[in-house]
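The values are calculated or read from the model by the stated rules, or taken from the named source; none is laboratory data. Keep in mind the model is a prediction, meaning the values are calculated, not measured. Cβ coordinates were reconstructed from backbone atoms using ideal geometry, including for glycine residues, and neighbour counts include every protein chain displayed.
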Amino acid sequence: MEGVKPTDRVRLRWRSRRGLLENDLIITRFLDAHEASLTQDDVVALSQLLDLTDTDLLDYILGKKELPVGEYDAAARAMLDRLRQA
């Protein structure tokens with residue numbers, strides 16, 4: 001990943017291992033397709049989403065819930081849209 005530390009890349013892969021198989025599959029598929037093109041801002045945004053509980057994250061990815069206004073910036077919202085397309 002250009003401009004992204006190798007340790008950040010490894011940390012993202014490790015954190016993508018989730019308790020819910022659905023999250024694991026979606027995030028791993030996303031990283032397989034886009035990891036090389038992620039920017040440092042993308043890593044920060046994805047890390048914010050990975051801080052969510054498994055159930056909340058899946059609800060946001062599936063569009064059952066929307067991220068709370070004011071708690072997440074535009075980068076996190078854009079990353080969520082990218083995950084939804086994965």
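Odds and ends about this structure:
- Arg29 vs. criteria at pLDDT below 90, more than 15 Å from Ala78 (Cβ to Cβ) and not polar (S, T, N, Q): no
- The set of residues in segment 53-68 that are modelled with pLDDT under 95 and within 20 Å of Asp41 (Cβ to Cβ) contains only Leu67.
- Asn23 passes every criterion in (1) over 12 Å from the mean Cα position of the chain (by Cα); (2) in a helix (DSSP H, G or I) apart from (1).
Condition check ((1) under 13 Å from Leu12 (Cα atoms); (2) among the charged types (D, E, K, R)) across all residues:
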position: Ala33; (1), (2): no, no
position: Asp51; (1), (2): yes, yes
position: Asp54; (1), (2): no, yes
position: Glu66; (1), (2): no, yes
position: Glu71; (1), (2): no, yes
position: Ala76; (1), (2): no, no
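- Enumeration of residues in segment 11-30 that are under 15 Å from Arg84 (Cβ atoms) and crowded, with 17+ Cβ neighbours inside 10 Å: Asn23, Ile26, Ile27, Phe30
- Residues (surrounded by fewer than 17 Cβ atoms within 10 Å (Cβ to Cβ) and in a helix (DSSP H, G or I)) located in segment 36-47: Ala36, Ser37, Gln40, Asp41, Val44, Ser47
- Where Leu52 falls short, out of the listed (1) aliphatic (A, V, I, L, M); (2) free of Cβ contacts under 8 Å to residues at least 40 places away in the same chain; (3) in a helix (DSSP H, G or I): (3)
- Residues of segment 33-69 classified as of a type in the set (S, T, N, Q), closer than 17 Å to Arg84 by Cβ and under 13 Å from the mean Cα position of the chain (by Cα), total: 1
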